[in-house]
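Asker: Dropping a structure here in structure tokens format, bear with me for questions.
The values are calculated or read from the model by the stated rules, or taken from the named source; none is laboratory data. Source: prediction; values computed, not measured. Neighbour counts run over all protein chains shown; Cβ positions are idealised from the backbone, glycine included. Accessible surface areas use protein heavy atoms only, side chains included; no ligands, DNA or RNA. Shrake-Rupley method; radii C 1.70, N 1.55, O 1.52, S 1.80 Å.
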Amino acid sequence: MDTDNVKYKRTGFVLNKKYIHFMIPAMLSAVGVSLSEFADSMIVSHLLSSDAFAIINLATPVVFAVSLIYTVTGVGGSLLFAEYLGQKDKKQADQYFTASTVLSLLLGILLFALLAVFHAVLGGLFGCPEELMTQFNAYTRVLCFFVPVGILLMHVTYFLPVVGKPFLSMGLVVSANVLNIILDVVFIRGFGMGCEGAALATLVSYIVVVVAMIFIWRFGRISLTLCRVQKTQQIVKDTVKKGLPSGSVQAGYLITTVFCNHFMNQAFGLNGVVAMSLFAQLDSVISIALTGIVDNNASFAAMLKGEGDYYGIRSLTKRVTFTIVLVCSVLSIGFAAFYHNVAAVFNIHDPHVLELIGELIRIYVLYYPLRCVLLVLRDIYNTLDRSLYATALGVLDKVISIPVVGGVLFLWFGGYGLIASFPVSMILILGLIAVINRRIVKKSNGRYSPVLLLDEEYQMKTLCSYSAASLQNVAENGQWISEKLAGASLDPQIAGKLCLAVEEMGIYIIDWCGADTAVDFLVSTNGSDYILTCRSSGDPFCPIRIGDSELSLNELLLVRLFKIKYEYIFGLNSVSLTIGAPKT
């Protein structure tokens with residue numbers, strides 16, 4: 001791709017501006033989820049006891065099981081949904097939304113049934129100390145009913161940002177969890193219910209918001225459509241395959257929590273469980289940044305892949321990696337420096353517990369910046385159809401690395417070795433990625449880029465990509481584009497038609513969306529067709545269509561020369577104009 005012309009060089013302005021616009025509500029949604037975890041932990045620990053704080057943490061495998069299901073169906077379905085919208089195939093996108101939504105609901109009902117049947121053995125399975133077993137059983141008995149409701153709500157929130165509703169997604173999540181905080185106080189202090197009151201607060205708050213979501217979905221202007229699904233088995237398979245890399249991390253959290261609670265109990269007794277519970281809350285804070293920054297990158301990359309825009313994937317991922325590593329490094333330093341204050345929030349004041357936390361936290365937080373890099377790479381590999389590789393990294397992340405590395409280091413150094421296994425495992429996995437990628441690049445004779453493994457011979461080959469920020473830019477660039485396409489040995493007739501389309505669509509978009517609107521243009525080919533993709537922010541608009549009475553002569557010509565498709569994705573107007581290659 002040639003972007004050597006400084007004036008029209010492709011910039012990240014359009015994508016970065018919209019990415020930040022979507023990142024903020026995504027982070028606030030993550031704040032809402034973390035508020036629920038904090039609320040259950042803080043309010044229960046302050047209103048009841050520090051033992052109750054441990055009970056909430058001991059029951060988190062149930063929450064992680066819920067997260068596993070809605071992450072697999074939500075991430076997998078929404079990535080494919082975004083990719084097909086990027087290809088302007090709304091019908092296929094709707095099928096992935098429908099199939100993944102039904103799948104999430106069925107799996108939620110199944111998990112509820114399993115938890116209800118085997119409820120009596122959960123305490124022993126999750127490493128609950130005998131003195132806390134009665135309260136643990138009371139808490140989880142109510143929590144089981146939350147499972148299908150929580151899965152449905154969180155699943156749908158993955159799709160709302162893709163159709164331009166990030167703040168609605170944020171509002172649903174935040175509302176559910178703020179209501180949870182209020183009901184925690186009502187049920188625990190008002191009705192004296194104990195730990196089960198916290199579980200009931202979670203259940204009731206999510207039911208209320210799910211009812212509100214269905215009402216908004218039914219009567220609001222939300223472009224999410226349930227439809228008849230064809231080739232159900234293949235669509236479900238694709239969804240699960242795409243969602244497994246992220247879902248495997250949730251499974252890893254479940255396994256790691258049970259594993260670490262068990263061995264921390266062995267090494268330090270109840271003090272060790274409390275320390276591990278605090279570290280789990282730090283993970284929740286970090287997940288706010290990860291959800292807002294890293295997860296958004298994967299969804300945007302899926303859209304860009306559908307449009308064949310590798311330049312956009314490269315530039316956006318580079319900025320995202322720098323940002324998330326910086327944010328997590330600052331948070332890690334803050335946690336280690338002010339751990340007394342953090343512990344006090346959760347009513348942890350025992351000097352012996354604080355001493356243990358102070359010794360362990362300086363080791364534990366080293367793992368956060370390293371893991372950020374791993375998650376960015378895992379999500380990009382998954383988006384670029386390396387789902388098996390991405391899933392393997394997700395499994396290594398926590399399902400295997402912590403139990404294996406932690407088990408070995410525990411034998412040598414006890415509980416301190418277990419905590420050290422978190423940063424050590426990340427170093428080992430990142431080193432393994434470097435080795436594997438080097439072999440892939442070498443074996444492909446340089447076809448793939450060394451870090452992101454972008455296919456330089458991808459079927460959608462980019463001929464040129466640039467940005468325009470004003471009508472003057474659009475009017476001036478026809479000659480430059482003509483030269484770039486001629487340099488790509490493109491048929492002069494096709495090049496001329498594409499230049500006409502660039503100028504007319506640029507003027508059309510800027511006239512409609514405003515004089516200060518920046519527009520990205522991408523000219524690409526799949527071998528048989530040539531595609532011009534025009535991407536801009538601004539209010540949704542109707543692209544040029546046959547039958548419009550006020551079209552100019554050039555606009556009427558575009559309608560006759562090109563197959564025109566339009567979608568509104570991530571708050572961006574995306575128009576594609578396709579023309580066939582001349583037959584020889």
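Asker: So if I check each of V208, V229, which one is assigned to a helix (DSSP H, G or I) and of a type in the set (V, I, T)? Write out each step before concluding.
Answerer: Details: V229 fails: assigned to a helix (DSSP H, G or I).
Being assigned to a helix (DSSP H, G or I) and of a type in the set (V, I, T) holds for just one of V208, V229, which is V208.
Asker: Now a separate question. So, of the residues in segment 516-544 that are under 24 Å from G580 (Cα atoms) and surrounded by fewer than 18 Cβ atoms within 10 Å (Cβ to Cβ), which turns out to be modelled with the lowest pLDDT?
Answerer: Among residues in segment 516-544 that are under 24 Å from G580 (Cα atoms) and surrounded by fewer than 18 Cβ atoms within 10 Å (Cβ to Cβ), the one modelled with the lowest pLDDT is C542.
Asker: For the list (1) surrounded by fewer than 18 Cβ atoms within 10 Å (Cβ to Cβ); (2) touching a helix residue (DSSP H, G or I) at 6+ places or on another chain (Cβ under 9 Å), I need the number of the one condition that G192 fails.
Answerer: The number of the failed condition is (2).
Asker: Right, another one. Counting residues that are surrounded by 14 or more Cβ atoms within 10 Å (Cβ to Cβ) and either of a type in the set (K, R) or modelled with pLDDT of 70 or more (or both), which helices (runs of 4 or more DSSP H) fully inside segment 425-515 reach at least 2?
Answerer: 492-513
Asker: Of all residues in segment 60-89 being touching a Lys or Arg at 6+ places or on another chain (Cβ under 8 Å), over 20 Å from S169 (Cα atoms) and assigned to a helix (DSSP H, G or I), which is least open to solvent (accessible area, probe 1.4 Å)?
Answerer: Among them, the one singled out is G86.
Asker: Take the conditions outside the structural domain of I55 (by the TED database) and either open to solvent by 50 Å² or more (accessible area, probe 1.4 Å) or at positive phi (or both) and apply them to G269. Does it pass?
Answerer: Numbers: outside the structural domain of I55 (by the TED database): yes; either open to solvent by 50 Å² or more (accessible area, probe 1.4 Å) or at positive phi (or both): yes.
For G269, the condition - outside the structural domain of I55 (by the TED database) and either open to solvent by 50 Å² or more (accessible area, probe 1.4 Å) or at positive phi (or both) - is met.
Asker: Out of V285, V365, V353, I need the residue that is crowded, with 21+ Cβ neighbours inside 10 Å, aliphatic (A, V, I, L, M), under 30 Å from A65 (Cα atoms) and in contact with a Ser or Thr (Cβ under 9 Å, 6 or more places away or on another chain). Which one?
Answerer: V365
Asker: Moving on. Kindly indicate whether F263 is free of Cβ contacts under 8 Å to residues at least 60 places away in the same chain, assigned to a helix (DSSP H, G or I) and among the aromatic types (F, W, Y).
Answerer: Working: free of Cβ contacts under 8 Å to residues at least 60 places away in the same chain: no; assigned to a helix (DSSP H, G or I): yes; among the aromatic types (F, W, Y): yes.
In short, no.
Asker: Shifting gears a bit: Taking only segment 155-185 into account, find how many residues are within 30 Å of V294 (Cβ to Cβ) and open to solvent by 20 Å² or more (accessible area, probe 1.4 Å). Give the steps one after another, and end with the answer.
Answerer: So the first thing to find is which residues in segment 155-185 are within 30 Å of V294 (Cβ to Cβ), and the list is 155-181, 184.
Then drop every residue that is not open to solvent by 20 Å² or more (accessible area, probe 1.4 Å), which leaves 158, 161, 164-165, 167-168, 170-171, 174-175, 178-179, 181.
Final tally of qualifying residues: 13.
Asker: Only one of these is of a type outside the set (D, E, K, R) and within 30 Å of D94 (Cα to Cα): I293, I333. Name it.
Answerer: On the way: I333 fails: within 30 Å of D94 (Cα to Cα).
Unique residue meeting the criteria: I293.
Asker: Can you run down the residue pairs with Cβ atoms below 8 Å, 6 or more apart or on separate chains, where the first is in segment 233-250 and touching a residue at least 60 places away in the same chain (Cβ under 8 Å) and the partner is outside any helix (DSSP H, G or I) and surrounded by fewer than 24 Cβ atoms within 10 Å (Cβ to Cβ)?
Answerer: Filtered contacts from segment 233-250: I235/V229.
Asker: I'm told F219 meets every condition in (1) in the same structural domain as I419 (by the TED database); (2) surrounded by fewer than 19 Cβ atoms within 10 Å (Cβ to Cβ) except one. Can you identify the failing condition by its number?
Answerer: With (1) in the same structural domain as I419 (by the TED database); (2) surrounded by fewer than 19 Cβ atoms within 10 Å (Cβ to Cβ) applied to F219, the lone miss is (1).
Asker: Which numbered condition in (1) open to solvent by 10 Å² or more (accessible area, probe 1.4 Å); (2) within 26 Å of D295 (Cα to Cα); (3) assigned to a helix (DSSP H, G or I) is the only one that L411 fails?
Answerer: (2)
Asker: Identify, from the list K241, K237, the residue that is surrounded by fewer than 14 Cβ atoms within 10 Å (Cβ to Cβ) and outside the structural domain of S104 (by the TED database).
Answerer: Working: K241 fails: surrounded by fewer than 14 Cβ atoms within 10 Å (Cβ to Cβ).
Being surrounded by fewer than 14 Cβ atoms within 10 Å (Cβ to Cβ) and outside the structural domain of S104 (by the TED database) holds for just one of K241, K237, which is K237.
Asker: Please work out if D309 is surrounded by fewer than 24 Cβ atoms within 10 Å (Cβ to Cβ) and acidic (D, E).
Answerer: For D309, the condition - surrounded by fewer than 24 Cβ atoms within 10 Å (Cβ to Cβ) and acidic (D, E) - is not met.
Asker: With the checklist (1) at pLDDT 85 or above; (2) in the same structural domain as L107 (by the TED database); (3) within 30 Å of I380 (Cβ to Cβ); (4) in contact with a helix residue (DSSP H, G or I) (Cβ under 8 Å, 6 or more places away or on another chain) in hand, flag the one item F167 doesn't pass.
Answerer: Single failed check for F167: (1).
Asker: While we're here: Filter segment 306-315 down to the residues that are in a helix (DSSP H, G or I) and in contact with a Gly (Cβ under 7 Å, 6 or more places away or on another chain) and list them by number.
Answerer: G306, S315
Asker: I would also like to ask the following. Run L103 past the list (1) part of a helix (DSSP H, G or I); (2) surrounded by fewer than 21 Cβ atoms within 10 Å (Cβ to Cβ) and report the number of the one that doesn't hold.
Answerer: Evaluating L103 over (1) part of a helix (DSSP H, G or I); (2) surrounded by fewer than 21 Cβ atoms within 10 Å (Cβ to Cβ) leaves (2) as the failure.
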